[in-house]
Amino acid sequence: MTARIQTAADLKTYRQKLTAGRDPQKKTISVCAGTGCCAYGSTKLAAAFEQALGERKLQDQVQLRLTGCHGFCEQGPLVVIHPEGTFYRRVKPEDAGEIIDQTVQKGEIIERLLYQDVEGQSYRKEAEVPFYKNQMRVLLAHNGMIDPTTIDDYIAVGGYASLSKVLSGMKPEEVCTLIKKSGLRGRGGGGFPAGVKWESCRAAKSEDGVRYVICNADEGDPGAFMDRSLMEGNPHSVIEGMIIGAFAIGHPGKPEGYVYIRHEYPLAVERLGIALEQAREMGLLGKNILGSGLDFDIKINRGGGAFVCGESTALMASIEGQVGEPRAKHIHTVEAGLYDKPTNLNNVETWANVPLIIDRGIEWFTSIGTGDVSKNPWGGSKGTKIFALVGKVNNTGLVEVPMGATLRHIIYEIGGGIPGGKKFKAVQTGGPSGGCLPESMLDLEVDFDKLTEVGSMMGSGGMIVMDESTCMVDVARYFINFLAEESCGKCVTCREGLRQLGIIIERICAGEGREEDIQLLSDLSQTVAEASLCALGQTAPNPLLSTLKYFREEYEEHVKLKKCRAKVCKALIKFTVIEENCTGCLLCKKKCPSGAISGEKKEVHKIDQSKCIQCGVCHDVCKFNAIRVE
Amino acid sequence: MTVKFKIQGRTYEGTEGESLLGAIRRYGYEVPSLCYHEAVSPYGACRLCLVEVQKGKRRKLTTSCNYPVMEGIEVFLDTEKVVKHRKMVFQLHLAAAPAAKNLKELAAEYGVTSTPFQPADEKNECILCGLCNRVCDEVVEANAISFAGRGTSKRMESPYDETAETCIGCGACVYVCPTDCIGMQEEKNIRTIVRWHRDLPMQTCKTCGRPFAPTFQLNEFAKRVNLDRSRFENCPDCR
Amino acid sequence: MDAKKLDVILDKYQREPSSLLAILQDIQDEENYLPKDTVKEVAQKLGVPLARVYALATFFSSFSLKPRGKHICTVCMGTACHVRGAPRLVEHIEREFDVPAGGTTPDMQLTLETVNCVGACALGPLVILDGEYHGNMNPAKLDRVFRPLKKKE
């Protein structure tokens, strides 16, 4: 039975009742149920805990809570035992009973389940683990503690208190000013000051009072999953932000909300759907919210598998039931957007920051980050940013740091450096609109402006680490192909420009690069960047241009020497047998899909280059290190 | 609302919000385009109508067809940037539609006679300007065709590339196509719109016996204006 | 598609043309692809041009106009997965099952699709088979994942 909250006082009373009925010292087993850990089997793990608790008749004394993403995806499935905060990783269903008996009941640690860093040191508590210790987790603070399918959990930790504060006496214009003064800038990649956007949208004319409040949850950048984790782990933080936004932008009036979630995130759609339903039942969405007179509700729209729908005008076209073709933005969407009405669109993480800012205040928020926003909202980058740290790095997962943290801090102190003793080569930020930065940039402070200055961009937060086994020309090729496929195809510069950039770069990777190619790539990139209709086309050449800038030698090697130093481009590499190491075990011969390997048992094998398709399977399966790649 | 703005340093008047390209041409200046037509909404696909617009302190390279005329803007037509990028855009077009009629001539007018780019399909004539689609949707309201796919597989098609069932055979798309690649033929009293695989039997005039319009088209007209079908038995000359 | 089932879906969205995307998604969830007849019926029942519905069905990658296999295998091609070797996984499956990426085996058992990032980047390279996520894949592990399927052949 859900309570009905009709006033701010109701909410306060309800929260007090909840916290009174919850013992902070109660033993709780918190199991990460984000998409990553689920893929690792955390659902089975949770079931094992449930069964084990049942068998020991402990269901009432020990609480089992399934939470959203804890962030340390590399080490999943993750389990945290409260109240101590004991952190276990790579937990298997078979461990459930032991964990309950030893750790929950007796407070004893199970060594093998503790996190160990590369030097072999173990850490008991979550807060001590370097991955977490070196972060500043404010947005993700509750991800590991609350059950996202229970609104009570969110309210018990202070949820909807900011909404309450706003609706109990603040004026809508005041809220806009507050957000503007906080310096909150769009977390989706544009970095546009949210408060300025809110004010423009509020000021735009609307004959019937309808204004649209949209959450862009398309998160199309490959390698980014911050928004997914926020929606799966703490959907109410986003909802609360949107309701506050609706009040600031559209009250009095008829604000209407949409969350546009990409098709590839079914769990996020489900969790957000449940959260919306519960918020509605409680009266936090719908008519006369907390007695303020604000009427507002939110619909979910699912994407259809199109990266371009992360662009605001394409997203709005999609909501209208049209194909996701962007339009030129000479008239801004805050004035005429969805259905030609004033529309305010913000990213998931931007919305999640709103209740936080209202609660802790702008002095706190502006104390974090870089620059000075007291006179100019573009003057700095304030608050924290969540990054998805992935690729060739030891500790992959979600990382939240203050704006201004260095790349080195993120990749080494939090990320634990490069695995396998390999050397750092580059880090890619900003997704397909961003760029690759080399080792010389590791001490760069990460914020909106510094990254743009050096030819990359913050983007939505994807941070992909690359090592010496990554070919930078191949990386550029990957992004060009990605964008060529995702381009809506409307304008010639983007559609045909990307096609031609792709043709030239494929030629280079195939060992057929010509002298003029590098200059042509550069010239064409300029036209694509300056003459395309929307941001997809305009930023499409960035990965290519940044790799040309910082890794030009690799391009020249590919063109002039027909060499790929990272040994990735198939046409430029050769697989041969290292005769001294070959034991003649026949394994590679069996697995070779093109029958290119010859040799009898106990005889040194040989690879026929004319049949070899460079698939790499022989290299994968050889146990004797007898395959050379050159 | 009438506003004042500048082209090449000279002041002109225009209606706020009208197409900048339309205004530029009205005053006799030449700017190339392929996907613009006054009868339909601007689209911004061909990127040939590039100009530079100064608005306040900011100067921007933009297509002029979909740029709304505003008070105080200053428009520059043949700056170094415009010329450079326009040339490359022509080169992209030449590689994208090597068989397109009129394209080579227009490109040559602007000094582009070859392309460094590799053609993807030597036989392609369609430049994906979308004019056929916009005319069919906005003027004729038959909605018979649409863009299908996206990115490099984008194409203009009738649904499932089968007979366009709502096409009334008016030929407006054929008329407006800048590369004349749609094709309209008539043989044995059947009109065919080639690209959309549409064969339409023609109605012959009751009086003079000439085939003058597809029967399907006349049926549609009768429905739309809510008049009796018998009103459409005679050709326009014999009515 | 059963006429009644279609009506249920259309009514769920109050037959609003702006909900076309969601309607098509629900149809594909039911039928495993978008049957041509159903697409035509949707256009007719909503009073929208078939050309518009066709444009939507071909623009968005999540839709398939061709029937798909009993088992759907999706390989993530996001940047993190790419850097960890996703293209080789696709090639491996293409060879093992003689099916091109985007296609279906002639016996309609398996459809191989690629997707540009599912957001499980820490687990890359990732392969989804019938809704189940399999992380940290390589060709050898893949063979194990596909074993139950190969047995049926």
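Using R0 = 41 Å, the C-beta based FRET efficiency linking A:Asp608 and C:Asn136 works out to 0.80. Counting neighbouring beta carbons within 10 Å and listing from fewest to most, the residues B:Met202, B:Met70 come out as B:Met70, B:Met202. Length available on full extension from B:Asn219 to B:Gln118: 0.36 nm per residue minus the Cα-Cα distance, which gives 31.7 nm.
For the range B:131-232, the Kirkwood estimate of the hydrodynamic radius, built from every pair of different alpha carbons, is 14.5 Å.
The range A:112-146 and the range B:161-177 have Cα centres lying 64 Å from one another.
When Rg and the Kirkwood radius Rh are both evaluated on Cα atoms of the range A:517-605, their ratio Rg/Rh stands at 1.27. Computed from Cα positions, the angle between helix B:215-225 and the longest principal axis of chain B comes to roughly 70 degrees.
Ordered by the number of other Cβ atoms lying within 10 Å of each residue's own Cβ, fewest first, A:Val559, A:Val238, B:Val139, A:Val373 fall into the sequence B:Val139, A:Val559, A:Val373, A:Val238.
Taking a ≥ b ≥ c as the square roots of the Cα gyration tensor eigenvalues, the range A:258-355 comes out oblate, since a/c reaches at least 1.5 and a/b does not exceed b/c. In chain A, helices alone account for a calculated mean residue ellipticity at 222 nm of -10000 deg cm²/dmol, with every DSSP H run of four or more residues adding -39,500 (n - 2.57). The smallest convex shape that holds all Cα atoms of the protein assembly as shown, its convex hull, gives 205 Å³ per residue.
Modelled spin-label separation between B:Ile190 and C:Glu16, with each label point placed 7 Å from Cα along the Cα-to-Cβ direction: 4.5 nm.
Principal-axis analysis of the Cα atoms of chain A puts helix A:492-509 at an angle of about 40° to the longest axis.
At the listed q of 0.13, 0.14, 0.20 Å⁻¹, the Debye profile of the range A:472-561, built from one uniform point per Cα, gives log10 I(q)/I(0) equal to -0.36, -0.41, -0.83. With respect to chain B, whose longest principal axis is taken over its alpha-carbon atoms, helix B:80-96 is tilted by about 30°.
The label point for A:Ala9 and the one for C:Lys4, both projected 7 Å from the Cα toward the Cβ, are 5.3 nm apart. Computed from label points 7 Å out along Cα-Cβ, the spacing between B:Arg155 and A:Val454 is 4.6 nm.
Sorting A:Glu119, A:Glu580, C:Glu91 from the fewest to the most surrounding beta carbons within 10 angstrom yields A:Glu119, A:Glu580, C:Glu91. With the Kirkwood sum run over all distinct C-alpha pairs, the range A:24-121 has a hydrodynamic radius of 13.3 Å. Under the combined filter of DSSP loop state and at most 12 neighbouring Cβ atoms within 10 Å, the range B:1-49 retains these GluC sites (Glu not before Pro): B:Glu16, B:Glu30, B:Glu38.
The tail of the calculated P(r) for the range A:238-293, taken as Cα-Cα distances beyond 18 Å, holds 36 percent of the pairs.
For A:Lys422, neighbours were defined as the other residues whose beta-carbon sits under 14 Å from its Cβ, and their charges (Lys and Arg +1, Asp and Glu -1) total +3. All distinct Cα pairs of chain B go into the 1/r average, and the inverse of that average, the Kirkwood radius, is 20.2 Å. Which of A:Gly188, A:Ile29, A:Ile151 sits farthest toward the positive end of the charge dipole of the protein assembly as shown, with +1 on the Cβ of Lys and Arg and -1 on the Cβ of Asp and Glu? The residue sitting most towards the positive pole is A:Gly188. If I take all pairs of Cα atoms in the range C:71-152, what percentage of them are more than 15 Å from each other? The share of Cα pairs beyond 15 Å in the range C:71-152 comes to 50 percent.
Across the range B:67-79, rounded Karplus estimates of 3J(HN,Hα) from the backbone phi angles (6.51 cos²θ - 1.76 cosθ + 1.60, θ = phi - 60°) give 9, x, 4, 9, 4, x, 6, 10, 10, 10, 9, 10, 5 Hz, Gly and Pro being marked x.
Converting phi to 3J(HN,Hα) with the Karplus coefficients 6.51, -1.76 and 1.60 and the offset θ = phi - 60°, the range A:620-630 yields 5, 8, 5, 8, 10, 6, 9, 10, 9, 10, 9 Hz in sequence order, with x at every glycine or proline. With a cut-off of 9 Å between beta carbons, the residues surrounding C:Pro125 carry a summed charge of +2, where Lys and Arg count +1 and Asp and Glu -1.
Any read-out appearing in this document is the output of simple, stated calculations on the displayed coordinates, not a laboratory observation. Please read these numbers as outputs of a predicted model, since none were measured by experiment. Heads up, the Cβs are rebuilt from the backbone with ideal geometry, glycines too, and the neighbour counts pull from every protein chain shown.
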